[in-house]
Amino acid sequence: MGLLSEGSPLTWEKTKSLADHVRKHGIKQFIHQYRQLKNLTKDVLYWGDEVEYMLVKFNRSQHKAQLSLKAEPVLEKLQEKEKLSPDDHPSTWRPEYAAYMVEGTPGKPYGGLMAHFNLVESNMKLRREEIQHLLEEDEVPLSLTCFPRIGCPEFTSPSYKPTPQEGASHSLFFPDNVIYPGHPRFRTLTRNIRQRRGEKVAINIPVFKDKHTKSPFVEDYQPLGDDGEGQRAAKPDHIYLDAMGFGMGCSCLQVTFQACNITEARHLYDQLTPLCPILLSLSAASPIYRGLLADIDCRWTVISQSVDDRVKEERGEELLKNYRYRINKSRYDSIDSYLSYDSVCYNDIDLVYDKELFSELQDAGIDKLLSQHIAHLFIRDPISLFSEKIDQDDTTDTDHFENIQSTNWQTMRFKPPPPNSNIGWRVEFRPMEVQLSDFENAAYVVFIVLLTRVILTFKLNFLIPISKVDENLIAAQKRDSVREGKFYFRKDVLTGSSPPEASECCGERPKCCNIEDEYDLFSVDEIINGKGSDFPGLIPLMNMYLDVIDVDVDTRCTVAQYINLISKRASGELLTTARWMRNFVAKHPSYHGDSVVNEEVNFDLLELCRKVSAGEASCPELSPCYSSRTTEDIPPAVIKAEAKLQTKKQANMTHDNRASNSLKATS
Ligand code: GLU
Ligand code: MG
């Protein structure tokens, strides 16, 4: 979940008094880094995935599934192994927000070879096994986006009582003991977000109205110790949640790419942005919160509301008096601006940014769009600061910059190279919900990485106004958006965008832009699988690419299985995890049609999730299979064959050229 500086956390009052200091030095650190690294080039498109797991304990005699608060000791062991062979350990482990979560990434990034696609699933499998080895027989790591009974009494093992009047969250439902105890960052963020906001966070999720759901759906929080704040904040017909843990205690699947250079990173950042809502809709996996069926399928808005530290003035509920900006979004939200100059026309949201810091960035020679982006991130206050980290050397440290950057949890993240590393400019794709099996997770990861290659090779253009991407993100979270939603998407993705003349392009939105005709409403199926002669579809484009590049048989076969899964999820032939969970609940004998997911249903659902993850149960409506031809190592012959291809590439016979020629021939 971002920067893990060590040290003693400061109080909110002290952190607040140092906010300008952090921003001032954070900007200087960025400027220094930018100057050093703006021309850094890397010839390999490195990439890697991140999976967040939950540790679940099954009490089979009591028919009860709980979250096991063991992440700290488990993580210690996982990291011990990692430290023993830091250069060739297959996995890397990090803490996450909750004491039941661990986050795993591959030990080394994957590279440019097609055959790397065949390693992903096997590495994910190995990670799952690594965790499993450290657990008891009745515990499992589940890649579950949201634990259905999160925040219900005794949802963890051991169980704790919430403390509504004290501690970090003041929650009626989510005890502070459930926050990861091994690093002070998580509790500090929780307390500071609440204190900055001046009240508890208030998360309201529409409840799914079933035949017997109470109507209006209203709960009484007084017996839980509510002093009235919860009752006031809760909206009728909504599931009310009141702690950061309800959001940041959700898990996701992220992918980070290293681009060749800063320009390519900015380009990928922009091109992947319109895909965020589409992939959120396709990966939807979280329809239940606090034991209640919701009328949304995705975690996104839950996390967004769970870390919303804006005060009323900033949210536009009161006139601005003591604060500087009216801010239209939470810190965890969709991005507000594209970063490349050929995207300027599509930046149609009024960007809120710190004008002074913006001038400083411009004066340092940083172009307008990037300066605006950074100055936009820097409208936020630091919400966790350690006493040991106040004074830093701005030419070598980047902690203050990272402090603000890593608490802007947006759909996409643009990442400068870390100091003293061998890493280039990167972008992170952050919207996807995590799937139950390694096969499915590998499919989503490979799909998005492959898509970046197709974008770069075919010079695809997905840009639409950023306000439309925002509308899509809301549409994506609705129940069954894959089958029923409509999304704005660019009609012609094959004509690469035409940047305004460099001379006239200064980051202003050119007046001549007439972009309303460029997009239309599509279903996810049409976007992914195509719409007759009107729209080619992302998968047909991907297949065109795969047909002309050299891929070994096993990798081709694996990739085909992954593409098949995504294609069928898009068409509705296969269910999203969210829809599959809803169906399970609806059919369960102890579900009473009242939106309540009780212990019994929760247990049986999670038991089935466990079997799906382990490949013990087949659910053909969710996934046609649970394992591909994935391999642990790339066979030497494949490396040799692909190396030959690289040589050809140098001789200007690139597969990219061949692929784009094939596109010209067919389009
Ligand atoms: N768990 C968060 C999510 O589901 C992401 C936290 C992170 O940035 O790693 O989106
Ligand atoms: Mg994470």
- Query: Using the per-residue mean of other Cβ atoms lying within 10 Å as a proxy for protection, in what order, highest first, do the peptides 180-187, 620-627 fall?
  - Reply: 180-187, 620-627
- Item | Residues whose placed amide H lies under 5 Å from that of residue 385, excluding near-sequence neighbours | 10
- Amide H contacts under 5 Å for residue 531, placed H, 5+ residues apart: 537
- Message: If I take every Cα pair under 8 Å that is 6 or more residues apart in the chain, average their sequence separation and divide by the length, what percent do I get for the relative contact order?
- Response: 20 percent
- Order by protection proxy (mean Cβ within 10 Å, highest first), peptides 211-217, 334-340: 334-340, 211-217
- If packing is taken as the mean number of other Cβ atoms within 10 Å per residue, what is the order of 131-143, 458-470, highest first? 458-470, 131-143
- Note on the structure: Given unit charges at Cβ for Lys, Arg (+) and Asp, Glu (-), the dipole magnitude of the chain about its Cα centre in debye, nearest 20, is 420 debye
- Query: At a 1.4 Å probe, what is the % contribution of carbon and sulfur to the accessible area of the chain?
  - Reply: 49 percent
- Net charge contributed by nearby residues that have their C-beta within less than 11 Å of residue 118 (K/R +1, D/E -1): -3
- Item | Net charge contributed by nearby residues that have their C-beta within less than 13 Å of residue 202 (K/R +1, D/E -1) | +1
- Query: Where nothing but the Cβ of Lys and Arg (+1) and of Asp and Glu (-1) is charged, how large is the charge dipole of region 341-441 around its Cα centre, in debye to the nearest 20?
  - Reply: 220 debye
- Task: Return the sequence-ordered ³J(HN,Hα) values of region 221-231 in whole Hz as given by the Karplus equation 6.51 cos²θ - 1.76 cosθ + 1.60 applied to θ = phi - 60°, using x for Gly and Pro.
- Result: 9, 4, x, 8, x, 6, 9, x, 4, x, 4
- Farthest toward the dipole's positive end in region 312-446, which of 364, 384, 439, given Cβ charges of +1 (Lys, Arg) and -1 (Asp, Glu) about the Cα centre? 439
- If you roll a 1.4 Å probe over the heavy atoms of the protein chains, what accessible area per residue do you get for region 63-196, in Å²? 36 Å²
- Phi-based couplings in Hz for region 618-633 (Karplus 6.51, -1.76, 1.60; Gly and Pro marked x): 9, 10, x, 6, 9, 8, x, 7, 10, 7, 10, 8, 3, 9, 7, 10
- Amide hydrogen neighbours beyond the local backbone of residue 67, cut-off 5 Å, H modeled: 57, 156, 157
- Query: Excluding residue 635 itself, what net charge comes from residues whose Cβ is under 13 Å from its Cβ, given Lys and Arg +1 and Asp and Glu -1?
  - Reply: -3
- Between the alpha-carbon centers of region 304-347 and region 33-111, tell me the distance in whole angstrom. 30 Å
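The values are calculated or read from the model by the stated rules, or taken from the named source; none is laboratory data. Source: prediction; values computed, not measured. Because the Cβ atoms are built from the backbone with ideal geometry, glycine has one as well, and the counts that use them run over all protein chains shown. Ligands, DNA and RNA are stripped out before the accessible areas are found, and what is left, the full protein with its side chains, is counted by its heavy atoms. Shrake-Rupley method; radii C 1.70, N 1.55, O 1.52, S 1.80 Å.
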